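**Q** What follows is a single structure, and I will ask about it in a moment.
The values are calculated or read from the model by the stated rules, or taken from the named source; none is laboratory data. Not measured: the values here are computed from a predicted model. Cβ atoms come from the backbone with ideal geometry, glycine included; neighbour counts cover every protein chain shown. All accessible areas refer to the heavy atoms of the entire protein, side chains included, with ligands and DNA or RNA removed. Shrake-Rupley method; radii C 1.70, N 1.55, O 1.52, S 1.80 Å.
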Amino acid sequence: PPPPSSTSGSDGFKAELTAVDVEGDIDPSLTSGESASCEMSEEQDVQPLSIEQRYRAERKAAKVRHWKEGPFAAGLVEITWRDELTKCSAYRDDEDGEGDANGANKPCCSDACSEDMEPTCCCLQLSGVVCARLGAGRVGNMAVLREVNVVEEVEVYDDVDDENGEGAACDEEGGSARLPRTHKVRRTRMDCVVGPYWPMLFCVTWPLVLGVSFWTAVTAIPGKPLLFQLAWAALTGGLIYALFGVSCRDPGILMRHSKIPRGGARDWRWNDQARTYRPRGAVYDADCAVVIEEFDHTCPWTGTGIGKKNMPAFQAFVALVFVCLIMDILTLTGAFG
């Protein structure tokens, strides 16, 4: 039952009559004055947006639109690397405290010394400085150094009417029967792309590999048998090529799929971080901020994620790095004579 103070039923009708009578006894001039003062207070509360607020609102809308409509399955990050430089100051001045975005999308070092510290924080700031000057593109947290436009043929399925012309016929699985036809589409192919941890790749991994190899080639390889020199050169060259194939190639970034491809209803699942359907084995990597097919892990030594397209090169790199390391140590210590 309603509480005693409720104005439901007849009590409510009486309360409405009393309110009308009281309002009729009030001086109309006072009522108009109060209404005018209320309108003035409302106008004072509603203030026009400043240029900075409009810019930030448009920038946020553009970022969300790019996140939902971009060609690749990427998370909610800044559109360009130049925008990454302005993100820190923009978030510092934001009273709302934007922190609900996907991926590494927080102010620089805002969560330092905490359990939720973002590992790619400083790397992204450095990417903003270097990649913006190089004019590199951006897909998630991956820096695209070289890309080309290619034309690919894809299959498009059209619904087929049944014999009676009463709509689409059904296939063996109960779905509408469809005939495939080829359709040419223009897509972007990334020929050279580095991951979010490229500073560690170029400042640690490459100097170690090239430095040890160069020192061995100068001090220990001369005077060795020709067959030994050829074997060492082949292994070292394979190591360098494998490292390049891992760190500077597309790890298997998934294209955006707003609909489930035909025949993939059982294997494809929706991904909220990238706003796309993904096949089985494809995982959204928060470090790279993209969906990678057959994702295995993110390797800071190679600076990127390991997936479908660079897994063979990664396996070759892991095997060759141990072989070359042992071979260089034994050569430098004079174990081979």
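**Q** What strands (runs of 3 or more DSSP E) lie completely within the stretch 253-332 and have 3 or more residues being closer than 25 Å to residue 64 by Cβ?
**A** Numbers: elements: 269-271, 276-278, 283-285, 290-292, 297-299, 304-306.
By residue number, 269-271, 276-278, 283-285, 290-292.
**Q** If residue 231 satisfies every condition in (1) farther than 21 Å from residue 145 by Cβ; (2) open to solvent by 50 Å² or more (accessible area, probe 1.4 Å); (3) part of a helix (DSSP H, G or I); (4) not β-branched (Val, Ile, Thr) but one, which is the exception?
**A** (2)
**Q** Evaluate the following for residue 307: is it under 23 Å from residue 261 (Cβ atoms) and touching a residue at least 24 places away in the same chain (Cβ under 8 Å)?
**A** yes
**Q** Take the conditions assigned to a loop (DSSP other than H, G, I, E, B), basic (Lys, Arg) and in contact with a Cys (Cβ under 8 Å, 6 or more places away or on another chain) and apply them to residue 249. Does it pass?
**A** Numbers: assigned to a loop (DSSP other than H, G, I, E, B): yes; basic (Lys, Arg): yes; in contact with a Cys (Cβ under 8 Å, 6 or more places away or on another chain): yes.
In short, yes.
**Q** Here's something else I'd like to know. Taking the condition in a helix (DSSP H, G or I), at pLDDT below 95, buried (at least 16 other Cβ atoms within 10 Å of the Cβ) and at negative phi, does residue 212 pass?
**A** Against the criterion (in a helix (DSSP H, G or I), at pLDDT below 95, buried (at least 16 other Cβ atoms within 10 Å of the Cβ) and at negative phi), residue 212 qualifies.
**Q** Just one of (1) open to solvent by 70 Å² or more (accessible area, probe 1.4 Å); (2) without any contact (Cβ under 8 Å) to a residue 24 or more places away in the chain trips up residue 294, so point out which.
**A** It is condition (2) that residue 294 fails.
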